[in-house]
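What follows is one structure encoded as structure tokens, with my remarks underneath.
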Ligand SMILES: O=C(O)C1=C[C@@H](OP(=O)(O)O)[C@@H](O)[C@H](O)C1
Ligand SMILES: C=C(OP(=O)(O)O)C(=O)O
């Protein structure tokens, strides 16, 4: 683990091409492994979270062939699945998406992950699978799923207010259950609904039509999952951190290959930056953000786009007016308790951030340099980098943790500010 002196920068002027989306990559890999034939995936994100998914699928028996010249082109060949050990790291998409897949394996699948991952909520999905007759030992990491080669499926009720990934996980594998699956949510609203839309849209592309005619109920029929040669979009949530650099420095950042239609909630960063005072334009797939002289705070419910919070909070700490970020109580169960982490770290630099029941209030304050802890959270590390563009001597610990979803964040950042 190394301390990284976040570089200060004047107005940036850069084009930043982002690697593939974590969320789309891990869904595509999983669907390909359960499909009715081989699939080739292009633009595959190769980062810690997606490499963990690839290792887990390999362990379960799936054929994985990586192109020798282009590691982002991966061919997946489905095979009957068997018992193995699955290491989840800190990846929500691995620890929540794979237990239903393990239920289809013939044998004992033992899951474990990083120390911090042992504190992320999992019981909801493990209890749901138990309710469908799957043998599971444990309520959090580490736990085991003992599969019999098939799963009955059926109807299950969950409280998914802690994470949309509980619903996505059940839907992604549900078509392969004997009776399909019907998931009903009962409880406070589900966060990150666009990520459930992403799941439903990708299932539809693979020939699985999810019935969404009743609110908060998702019905997946038992049907084959078609093989699809997926082309992965750039990661718009990671793009957000680079676009934020334009906002923080009064500079300009463009991201090519910005999809005209997408299920990625990260696309909403464009609206948010506009509301904070940036000029935003999308021309022929190139999204360009030009930062203002003075950033405005924002009053916004971020329930749908919780994963953008650290990026938005970093900008809020640099803004001239107060920000209220609400609808994000569930961030306490992300990679770390992000509400506590952001409040603590912004405060350590002299900022004024207050944790409220479902979010944060961030008031204008003069910031100074100091230590910025990452808590093994990639988005905390990038939030420190954003503040460090304007505030000298922000020392970000464990910058390597950004490799969870980006293979070379420090290199890309240096290149963006023109100091490779
Ligand atoms: O399904 C997905 O790919 C994700 C869903 C969201 O999780 P939560 O609903 O737990 O916020 C999001 O924050 C996470 O980064 C990725
Ligand atoms: C919440 C996140 O990740 P995970 O997929 O591990 O839940 C995130 O990337 O912001």
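For residue 257 and residue 355, the difference between the fully extended length at 0.36 nm per residue and the C-alpha to C-alpha distance is 31.7 nm. The distance separating the Cα centre of region 354-420 from that of region 238-308 comes to 17 Å. Springs between Cα atoms under 10 Å define the GNM used for the chain, and in it the highest mean-square fluctuation of 16, 86, 101 occurs at 16.
Estimated from the Cβ-Cβ distance and a Förster radius of 22 angstrom, the FRET efficiency linking residue 159 and residue 119 is about 0.75. For region 81-139 versus region 27-60, the inter-centroid distance based on Cα atoms is 17 Å. Rg ratio for region 272-406: its Cα radius of gyration over 2.2 N^0.38 Å, N being its residue count, equals 1.00. Per residue of the chain, the DSSP helices (runs of n ≥ 4 H) give a summed -39500 (n - 2.57) that works out to -9000 deg cm²/dmol at 222 nm. Each listed q (0.12 Å⁻¹) maps to a log10 I(q)/I(0) for the chain from the Debye sum over equal C-alpha point scatterers, namely -0.93. Between residue 322 and residue 212, the modelled labels are 3.6 nm apart [label points 7 Å from Cα along Cα→Cβ].
Against the chain, whose longest principal axis is taken from its Cα atoms, helix 378-388 shows a tilt of about 10°.
Shown here are the Rg and Dmax of the Cα trace of region 22-220, at 15.4, 48 Å. Within the listed set 368, 334, 378, the residue fluctuating most in the Gaussian network model of the chain (springs between alpha-carbon atoms under 10 angstrom) is 368.
Taking a ≥ b ≥ c as the square roots of the eigenvalues of the Cα gyration tensor of region 189-243, is the shape rounded (a/c under 1.5), prolate (a/b larger than b/c) or oblate?
Because a/c hits 1.5 or more and a/b fails to exceed b/c, region 189-243 counts as oblate.
Compared with the dominant Cα axis of the chain, that is its longest principal axis, helix 236-249 is turned about 0°. The angle between the Cα long axis of helix 48-60 and the longest principal axis of the Cα atoms of the chain comes to about 10 degrees, rounded to the nearest 10. D by Stokes-Einstein for region 324-364, Kirkwood Rh over Cα pairs, 37 °C, 0.692 mPa s: 327 µm²/s.
Taken together, the values in this text are just the output of simple stated rules run on the coordinates, not laboratory data. Keep in mind it's a predicted model, so treat the numbers as computed, not measured. Positions of Cβ are backbone-derived with ideal geometry, glycine not excepted, and every protein chain shown enters the neighbour counts.
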